[in-house]
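Asker: Right, I'll just put the structure down here and ask away after.
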Amino acid sequence: MAESAIAHDHGVSHGAHASSTGLSNNKMGMWMFLGSECLLFGGLISTYMLYRGRVSSGPQPNNIFDIPFTSVSSFILLMSSLTMVLAVSSAQRKDDRNTNLWLTITALLGATFVGGQVYEFTAFYREGLGFTTSLFGSSFYALTGFHGVHVSVGIIMLMALVGMNRNNRIPGDKAEVVELIGLYWHFVDIIWIIIFTLVYLIPS
Amino acid sequence: MTIIERPSTEVAIAGAVPVGVKPSEALGVFKRPAASSSWRDWVVTVDHKKLGIMYGVAAFVFFLIGGVEALLIRLQLIAPDGKVLNADQYNQMFTMHATTMVFLFVMPMAAAFANYFVPLQIGARDVAFPRINAFGFWCFLFGGLFLNSSWFLGGGADGGWFMYAPNSSTLFSPSHGVDFWTLGLQITGIASLTGAINLIVTILNMRAPGMKMMRMPIFTWMVLVTQFLLLFAIPVITVALFLLTFQRSFDATFFDVASGADPLLWQHLFWIFGHPEVYILILPSFGIISEVIPVFSKKPLFGYPVVAMSGAAIGFVGWGVWAHHMFASGLGPVSVTVFSMSTMAIAVPTGVKIVNWIMTMWGGKLTFAVPMLFAIGLVTQFTIGGLSGVTHAVAPSDTQQTDTYYIVAHFHYVLFGGAVFGLFAGFYYWWPKMFGRQLSESIGKWNFWLMVIGMNMTFGPMHILGLQGQPRRMFVWTEARAGEGLFNFGFWNRISSIGSFILSIGILLFIINIFYTHKMKKGALASNDPWDARTLEWMTDSPPKEHNFDVIPQINHLDEFFHRKYEQDSATHSVTQVHSADEVMAELNAHPDEHIHMPSRSYWPILLALSLPVIGYGLIYNRMLMAVGVAMVLLTMFGWAMEPATSPDEDFDPPESGDTHAKELVPHG
């Protein structure tokens with residue numbers, strides 16, 4: 001909830017002296033927020049690791065995961081980190097056209113990933129794994145669902161950024177705003193690498 | 001005369017007429033709110049001092065609500081076969097008492113002091129994210145109101161403040177109380193998280209030139225440690241609360257033992273948050289009395305770096321002791337041994353602090369003003385609570401004490417005798433700075449002594465009751481089973497209940513003191529430095545002006561203000577006053593900064609915060625309402641993002657002199 005608020009807050013440059021650490025307030029705030037997010041996913045991942053083998057009814061994790069499919073969607077999400085870097089680099093060169101282009105592509109890649117997740121959830125549900133089926137089901141959907149919501153929030157922020165950039169309504173240091181959203185985006189990608197490894201690749 | 005640049009009718013206070021002021025319409029959806037002297041100004045304010053006062057007032061109201069709940073509990077237990085509450089109401093009462101006191105009083109009251117005094121202590125004009133600061137306050141207020149609205153909507157939560165699952169599932173707690181509890185704490189959690197990010201960045205990034213970390217006042221240090229604890233503890237409780245919400249509202253199986261769930265999952269998640277939480281509650285008070293004791297001992301704090309670092313050590317070790325709340329749950333001998341030892345270890349940095357406070361007083365010129373009394377009260381009462389805490393670290397003894405009144409005695413000594421006494425020391429110490437008048441010392445002394453006597457009468461007998469085996473959450477006792485002689489349940493319960501009313505009179509005297517000081521105007525007008533204090537917040541007006549300092553001071557020492565007033569003879573180490581406080585300030589303010597941009601007011605924080613309880617009610621009653629709440633969140637976030645924190649220069653009309661750097665100049669003060 002707080003993320004876009006932090007990303008867009010620019011109360012700093014005016015009224016205050018230069019920052020004591022040299023890092024801008026916004027960037028430090030974003031790093032603090034991401035530090036806090038580590039514990040959020042830490043809690044969810046721990047819950048999943050505790051419960052993944054506990055299947056009182058419904059499918060087992062090893063039977064249900066379609067690893068090739070999820071590998072492709074993971075690859076797409078990782079590629080979006082590359083396009084995000086290109087967007088940040090364009091923003092730093094004050095190249096508005098390319099910034100918007102790369103931001104849009106990043107959002108589209110993210111949307112593809114979320115679409116893949118929706119497809120995957122639907123397929124799992126058809127195979128009999130509901131949110132309430134078993135401890136494995138509850139903890140799997142909670143963990144990957146939280147990640148999916150984070151990607152979706154990221155997409156909203158990217159699209160908002162493109163819209164605001166087109167109308168020249170980004171207050172403050174534009175390149176830094178893009179970079180902050182980028183930090184969030186990379187963080188969400190890194191979390192996915194951990195989730196993909198622990199949930200899908202390591203058999204329970 | 002200082003000049004503030006702002007697109008506002010700020011001058012309403014000064015009584016002049018604003019000239020050429022144009023609130024921003026170019027960006028954002030709403031017209032930017034202009035300043036006014038009415039209540040509206042409090043709704044849209046982003047000023048850290050106003051928000052600090054609002055935190056304080058709201059937290060104090062919740063303190064009174066939680067206090068009434070406590071009195072009802074004690075009334076129920078004053079006599080055998082109590083009829084004041086039935087078992088169900090009793091469960092709700094102790095759950096909501098604890099929740100209110102922890103989440104809606106001590107935490108936000110510490111936030112009140114942190115908000116108000118951290119920027120002043122580090123020589124900043126505001127916090128790093130003023131609008132997020134306002135958002136945090138409104139989240140806390142609306143979250144607290146949401147939580148308490150459960151009283152009128154089917155009853156409060158009834159699972160105890162740690163709400164152990166599966167006892168908190170819909171089977172055992174069918175009312176909506178627990179739903180209000182999980183969602184309400186989720187909303188106040190957002191307040192804590194945003195507040196933590198805001199204050200950490202403020203402290204690390206906005207210190208006055210020369211204010212190194214090891215020159216920061218101890219209160220600021222303790223706030224920094226507390227905010228780091230919050231930053232990492234809040235997301236863990238967030239996960240636990242989400243799991244419980246999913247369990248209760250969407251039939252997830254996380255705590256469903258029939259499907260193989262582990263009941264310890266909730267306990268671990270809760271206490272990984274819950275143990276850092278107790279340091280979140282106590283460290284700000286440690287910070288407050290570390291300011292008070294040196295001032296009233298006329299000595300610098302003994303071992304400043306040790307006090308700062310032992311605070312940080314408590315912050316680290318605080319993460320490794322959570323399972324001592326679970327010794328009776330069958331963790332196994334290795335876990336119990338490890339957590340037992342780490343719990344004994346954390347007593348060391350706490351003991352170090354106590355030694356430092358005593359050594360600060362040792363050989364000092366003590367004045368027993370009310371803030372000092374409360375500070376000494378903390379040192380003594382907290383030490384008693386700390387010693388009973390060490391007995392909990394011994395696992396076999398803890399197994400005997402678990403869920404008895406002995407635990408209740410322990411945590412009230414550390415939380416009431418510790419945290420609350422520290423907050424009261426803060427009230428009396430900083431009151432003249434915040435409101436420009438001195439609270440009455442004579443009423444204050446009555447306030448203090450009634451609170452000390454009351455709390456020892458209330459919580460002292462609980463040690464005996466607990467060791468005799470009175471269970472923590474027993475709602476009624478009978479004469480037949482009360483026992484005889486010195487260890488008679490009835491006798492000690494009666495003493496405890498009478499004590500709680502003495503304690504309440506003490507707190508009532510504080511409210512009377514405020515009325516006496518302000519309504520009856522009996523309190524003396526406060527000078528800028530009434531206590532001859534040592535830190536920066538006293539180097540400005542009482543109450544401080546909106547931009548805090550006309551000039552941001554250059555910091556050369558720990559206790560900068562003291563060093564500007566006093567000089568030490570290097571040969572004899574004797575200290576002589578060379579300047580009065582007013583002289584120091586006059587010298588500092590001889591050339592005030594001319595172009596001070598203060599952050600502009602905004603509607604968005606309160607609107608965004610207001611949409612969160614809408615989601616909460618929607619989740620409980622109607623999913624359509626929830627969708628409305630989510631839409632409100634998205635809309636308000638967009639509005640927020642479009643609005644610059646400080647109005648852009650275009651919103652300031654150029655001054656008549658034609659100077660393009662200085663925009664609208666509003667005379668102030």
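Asker: Against the globular-protein guess of 2.2 N^0.38 Å, express the Cα radius of gyration of region A:2-201 as a ratio, rounded to two decimals. Walk me through the numbers before you get to the answer.
Answerer: Working: Rg = 18.8 Å, N = 200, 2.2 N^0.38 = 16.5 Å.
Rounded to two decimals, the normalised Rg is 1.14.
Asker: Quick one: Debye curve from the C-alpha atoms of region B:372-526, no solvent, what's log10 I(q)/I(0) at q = 0.11, 0.16, 0.18, 0.20 Å⁻¹?
Answerer: -0.51, -0.87, -1.01, -1.15
Asker: Right, next: P(r) for the protein assembly as shown, please, calculated from all Cα pair distances in 10 Å bins and given in %.
Answerer: Per 10 Å bin, starting at 0, the Cα pair percentages come out as 2, 12, 21, 25, 20, 13, 6, 1, 0.
Asker: Now a separate question. In region B:530-565, which trypsin sites (Lys or Arg not before Pro) fall in coil by DSSP and have 16 or fewer other Cβ atoms within 10 Å?
Answerer: Details: sites: B:R534, B:K545, B:R564, B:K565; in loops: B:R534, B:K545.
Here the sparse-neighbourhood loop sites are B:K545.
Asker: Something else now. Please report, in whole Å³, the volume per residue of the convex hull around the C-alpha atoms of region B:457-613.
Answerer: 294
Asker: Let me ask something else. Scanning chain B for GluC sites (Glu not before Pro) in DSSP loops with at most 16 other Cβ atoms within 10 Å, what's the longest stretch left with none? If you can, show how the numbers build up before the last one.
Answerer: Working: sites that count: B:E25, B:E484, B:E594, B:E656.
Longest site-free region, per DSSP loop and neighbour criteria: B:26-483.
Asker: Mind giving me the FRET efficiency for A:A123 and B:V43? R0 is 45 Å, r the Cβ-Cβ distance, nearest 0.05 is fine.
Answerer: Working: r = 49 Å, r/R0 = 1.10.
Step by step, r from the Cβ atoms, then E = 0.35.
Asker: For A:M159 paired with B:S442, estimate the spin-label separation in nm (one decimal), with each label point 7 Å from Cα along the Cα-to-Cβ line.
Answerer: According to this spin-label approximation, the distance is 6.9 nm.
Asker: Averaged over its residues, how many other protein chain Cβ atoms are within 10 Å of peptide B:630-636's Cβ atoms? Don't skip to the answer; put the middle values down first.
Answerer: Details: counts 0, 0, 0, 1, 4, 0, 1.
Mean shielding count: 1.
Asker: Using a Förster radius of 45 Å, what is the FRET efficiency between B:I453 and B:L635 based on their Cβ-Cβ separation? Nearest 0.05, please.
Answerer: On the way: r = 54 Å, r/R0 = 1.20.
After rounding, the FRET efficiency stands at 0.25.
Asker: From zero up to wherever the largest Cα-Cα distance of region B:113-201 sits, split into 5 Å bins and tell me the percent of pairs in each.
Answerer: Going out from 0 Å in 5 Å bins, region B:113-201 shows 3, 14, 20, 17, 13, 10, 9, 7, 5, 2, 0 percent.
Asker: Would you kindly state how much longer the chain becomes between B:V68 and B:I512 on full extension, computed as 0.36 nm times their sequence separation minus their alpha carbon distance, in nm to one decimal? Walk me through the numbers before you get to the answer.
Answerer: Details: separation 444, 0.36 × 444 = 159.84 nm, distance 1.73 nm.
Length gained between B:V68 and B:I512: 158.1 nm.
Asker: For chain B, which DSSP H helices look membrane-span-like by this rule: Cα extent along the axis of 30 Å or more and mean Kyte-Doolittle of at least -0.5?
Answerer: Helix filter hits for chain B: B:48-76, B:177-205, B:218-250, B:264-297, B:333-361, B:370-393, B:441-467, B:489-514.
Asker: Find the all-direction average of the projected area of the Cα convex hull for region B:109-162, expressing the result in square nanometres with one decimal place.
Answerer: Working: hull surface 20.4 nm².
Averaging across all directions leaves 5.1 nm² for the Cα convex hull.
Asker: Set the Förster radius R0 to 60 Å, insert the Cβ-Cβ distance between A:N167 and B:R481 as r into 1/(1 + (r/R0)^6), and round the FRET efficiency to 0.05. Before the final figure, lay out the partial values.
Answerer: On the way: r = 75 Å, r/R0 = 1.25.
Once rounded, the FRET efficiency stands at 0.20.
Asker: Could you list which residues have their amide H under 5 Å from that of B:T404, counting only those 5 or more apart in sequence or on another chain, with H placed in the peptide plane?
Answerer: Under 5 Å from the amide H of B:T404 lie the amide H atoms of B:R472, each far enough along the sequence or on another chain.
Asker: Relative contact order of region A:67-118: what whole-number percent is it, with Cα pairs under 8 angstrom and at least 6 residues apart? The partial results should precede the final answer.
Answerer: On the way: 41 pairs, mean separation 23.2, N = 52.
Over region A:67-118, the number comes to 45 percent.
Asker: So if each residue of separation counts as 0.36 nm, and I subtract the Cα-Cα distance between B:S329 and B:L525, what length gain in nm does that give? Show your work: numbers first, answer last.
Answerer: Numbers: separation 196, 0.36 × 196 = 70.56 nm, distance 5.66 nm.
Additional length available on full extension: 64.9 nm.
Asker: How shielded is A:33-45 by partner chains, expressed as the average number of their Cβ atoms within 10 Å of its Cβ atoms?
Answerer: Partner-chain Cβ atoms within 10 Å, mean over residues of A:33-45: 5.
Asker: Quick one: if you stick a label point 7 Å off each Cα along the C-beta vector at B:N622 and B:L366, how many nm between them?
Answerer: So the label points at B:N622 and B:L366 sit 6.2 nm apart.
Asker: In nm², what is the average projected area of the convex hull enclosing the Cα atoms of chain B?
Answerer: Details: hull surface 125.2 nm².
Averaging across all directions leaves 31.3 nm² for the Cα convex hull.
Asker: Please give the helix A:135-166 orientation as an angle from the longest Cα principal axis of chain A, in degrees from 0 to 90, rounded to the nearest 10.
Answerer: 20
Asker: Run the simple label-point estimate for B:D541 and B:A345 please: 7 Å along Cα→C-beta, distance reported in nm.
Answerer: 5.1
Asker: Which residues' amide hydrogens lie under 5 Å from the amide hydrogen of B:R437, considering only partners 5 or more residues apart or on another chain, with H built in the peptide plane?
Answerer: Here B:A526 satisfy the definition.
FYI, it's all coordinate maths here, none of it is from the lab. Just so it is clear, the structure is predicted and the values come from calculations on it, not from any experiment. Cβ sites come from the backbone with ideal geometry, for glycine too, and all protein chains shown count toward neighbours.
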